Amino acid sequence: MSSKKTQKDTVVNMLDVFRRIDFFSDLDEAALNRFAQIATIQNFQHEETIMLAGDTRRAIFFIAKGQAKVFSDSKNSRNSILNLLSTGDFFGEIQLFNESGKSFISVKAEEECSIIIFKGKDFINEMINNQKLFIAFLKETSQKLNKAYMQIASLSMSTIKERIKSCIMQFIEERGIKIPHNNGTAVRLKNRPTQQQLAEMSGTTRETVNRELSALVKNGYIELNGKDLLLLKDFPA
């Protein structure tokens, strides 16, 4: 009995992957099938390059599983993390609409990742036929642009402590969930960024981040529970 998967099996498996991604979760079966027909999925290991600066592929990438980091690798500047991407996040949209189609950033897997890849032309054609999804795509893109503006503002701050706290708040505002805690509420950030990731995003060292996190815990602003962070009260201005 052959162990090879048929095209039908591949599409069915792809549909299961799509259903786990919020961006596609509201699509009906027919729309999901159309996306499954034009998608490919590729696996990457930790620290493996997914996209390299200078890449001219016109494609859109969705993270189906795992985490990836977006970073600058200019020869004239220190490598730094610009963003961390998790399941459901996408990248490559700039190349779709940039005249040169050239990427100015690189993306690497932070752990084992599964990436859904669409050719740009195929993806845009499907988006045009689904107004609701197209609006969702524009909304997500505008949120990413707003986050980029926040990062630029953060880097202009005068102290390292302010940059670290600003970086933490970006993740809390994007992914935090309000939960009951003791006699009040707190905001839980699941799978918080590591100290090294925070250091690279705020332009400092892991030791400095460690000291600032310890101070925030000591003064009752946060709790660290394994990979989670609890925001107990707003950071001081």
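Every number in this text was worked out from the coordinates using simple rules, so none of it is lab data. The structure presented is a predicted model; accordingly, all values stated were derived computationally and were not measured. Backbone-built Cβ (ideal geometry, glycine too); neighbour counts: all protein chains shown.
The table for this structure:
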| read-out | value |
| --- | --- |
| Built amide H within the under 5 Å cut-off of D55, gap 5+ | S103 |
| Over 20 Å between alpha carbons, listed pairs K165/K218; K69/K147; K119/K147; K108/K144; K69/K227; K190/K233 | K119/K147 |
| Fewest-first sequence of Y149, Y221 by Cβ atoms within 10 Å of each Cβ | Y149, Y221 |
| ³J(HN,Hα), Karplus 6.51/-1.76/1.60, whole Hz, each residue of region 199-205, x for Gly, Pro | 4, 5, 6, 9, x, 9, 9 |
| Rounded tilt (10° steps) of 131-155 against the dominant C-alpha axis of the chain | 30 degrees |
| Degrees, to the nearest 10: 160-175 long Cα axis against longest axis of the chain | 40 degrees |
| Long-range HN-HN contacts of I222 with modeled amide H, under 5 Å | V217, L232 |
| Integer Hz, Karplus 6.51/-1.76/1.60 couplings in order for region 87-93, x for Gly and Pro | 3, x, 6, 10, 8, x, 5 |
| Approximate shape of the chain as ellipsoid semi-axes (Cα gyration tensor, √5λ), whole Å, largest first | 34, 21, 17 |
| L138 paired with E47, simple spin-label distance in nm, labels 7 Å along Cα-to-beta-carbon | 4.3 nm |
| Crossing angle, helix 206-218 versus the chain [Cα axis fit, 0-90 degrees, rounded to tens] | 70 degrees |
| Residues whose placed amide H lies under 5 Å from that of H181, excluding near-sequence neighbours | A186 |
| Ellipticity estimate at 222 nm from DSSP helix runs (n ≥ 4, -39,500 (n - 2.57)) divided over the chain, nearest 500 | -13000 deg cm²/dmol |
